[in-house]
Amino acid sequence: MSITTLTGRTRLAGVVGWPVSHSRSPRLHNEWLRRYGIDGAYLPLPVAPGQLGTALRGLRAAGFAGVNVTIPHKQEAFALSDVLSPAARRCGAVNTLVFGPDGLLHGDNSDGQGFLDSLRAAGVDPAAGPALLLGAGGAARAIAASLQAEGVAVHLANRTRDRADALAASLTDGCNPVRVLDWASRDIALGEQSLLVNTTSLGMGDAALPCSLDHAAPGLVVTDIVYAPRVTPLLSLARAGGLVTVEGLGMLLHQARIGFAAWFGVDPAVDASLFDFVSADP
Ligand code: ATR
């Protein structure tokens with residue numbers, strides 16, 4: 001999209017965050033707009049902490065269709081939404097906003113759905129068996145809630161046990177509670193799991209591993225939400241051991257489909273060339 005092709009009819013969306021310069025979302029959405037020949041543009045929108053409400057009022061007034069919301073605004077976006085999707089309620093955080101024709105602000109959280117869709121696109125059934133999630137931050141919450149809703153037995157292990165306990169308690173489901181395991185027992189616990197999800201920052205920009213795979217069950221599927229590098233130290237170790245792996249970049253691409261469809265009216269395809277395009281240097 002060249003700036004010279006923008007007109008008063010161009011449909012606008014973007015990503016609101018602080019900082020937002022590292023975000024891959026503009027590259028992704030503008031590529032989809034190009035591929036589908038849509039008169040639209042998707043902008044990086046740096047909005048300082050405390051300014052989200054003001055920014056959203058301005059964006060609505062300027063005719064934006066909606067925005068993605070990233071760090072540090074996801075909880076405030078939840079509080080500012082007039083209408084919340086079930087997924088947003090489960091997460092207590094919003095990453096996708098639509099300025100509805102009804103004048104209301106619609107908040108959704110597409111992280112969990114994006115995670116499930118990325119597994120399915122890789123030929124993995126997320127409901128196949130128990131899952132172990134490492135970490136207890138916002139990403140762990142979205143993924144745990146989405147797996148729980150699929151009926152999967154979810155286990156959580158976090159370096160700081162209290163955070164895992166609090167997360168599990170807040171995801172209370174009478175039939176399918178989330179269980180907390182000791183951080184120290186995560187390696188041995190892998191013998192009983194079908195799916196491992198690393199949601200910690202371990203593996204991003206260093207060679208540290210969030211766990212060993214010494215006790216992994218032979219059919220374990222290993223996923224990592226870190227997507228830079230695409231093949232993290234954990235995924236590399238899993239591949240060397242013959243395990244199936246799913247890259248974190250898939251979650252980013254699949255969660256983005258939900259906002260794109262809402263703002264631009266097309267459910268866009270996620271194919272191998274898009275993985276390469278989004279991860280390449282601009
Ligand atoms: P997000 O909301 O993006 O998922 P977050 O809230 O910053 O991220 O959480 C990061 C996760 O990485 C946490 O679970 C954190 O563990 P603590 O709760 O104990 O802080 C985990 N993490 C970060 N560095 C870690 C390390 N060196 N070893 C183990 N876990 C680590």
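Bear in mind that the values in this text are calculations on the coordinates, not laboratory data. Only a predicted model underlies this, so the values are computations on that prediction, with no experimental measurement involved. Reconstructed Cβ throughout: ideal geometry from the backbone, glycine too, with neighbour counts over all protein chains shown.
Placing unit charges on the Cβ atoms only, positive for Lys and Arg and negative for Asp and Glu, gives region 112-247 a dipole magnitude near 160 debye about its Cα centre. The modelled label-to-label distance for the pair Leu104/Asp39, using points 7 Å beyond Cα in the direction of Cβ, is 3.0 nm.
With a sphere of radius 14 Å drawn around the Cβ of Asn158, what net charge do the other residues whose Cβ falls strictly inside it have (Lys, Arg +1; Asp, Glu -1)? Around Asn158, the charge tally is +3. Ranking of Arg120, Arg186 by neighbouring Cβ atoms within 10 Å, starting from the fewest: Arg120, Arg186. When Arg35, Arg141 are sorted by how many other C-beta atoms sit within 10 angstrom of their C-beta, beginning with the fewest, the order is Arg35, Arg141. With the charge dipole of region 45-118 set up from +1 on Lys and Arg Cβ and -1 on Asp and Glu Cβ about the Cα centre, the Cα lying farthest toward the positive end among the listed residues Thr54, Thr96, Thr70 is that of Thr54. Using the empirical formula 2.2 N^0.38 Å as the baseline, the Cα radius of gyration of region 17-169 reaches a ratio of 1.14. Between the beta carbons of Asn176 and Ala48, assuming R0 = 45 Å, the FRET efficiency works out to 0.65 to the nearest 0.05.
One chain, two ends: Ala121 and Glu150. Fully extended at 0.36 nm per residue, the span grows by 8.8 nm beyond their Cα-Cα distance.
Counting neighbouring beta carbons within 10 Å and listing from fewest to most, the residues Tyr227, Tyr42 come out as Tyr227, Tyr42. You can think of it this way: the chain between Val231 and Ser185 has 14.1 nm of extra reach, that is 0.36 nm per residue less the Cα-Cα gap. With 10 Å bins from zero, work out the P(r) of the chain over every alpha carbon pair and list the percent per bin. For the chain, the pair-distance distribution reads 7, 29, 34, 22, 8, 1.
In this label model, Ser201 and Ser279 are separated by 2.2 nm, measuring between points 7 Å along each Cα→Cβ vector.
Mind running the shape call on region 139-282? Use the C-alpha gyration tensor, a ≥ b ≥ c as the square roots of the eigenvalues: rounded below 1.5 for a/c, prolate if a/b tops b/c, oblate otherwise.
oblate
Length available on full extension from Asp214 to Arg239: 0.36 nm per residue minus the Cα-Cα distance, which gives 7.7 nm.
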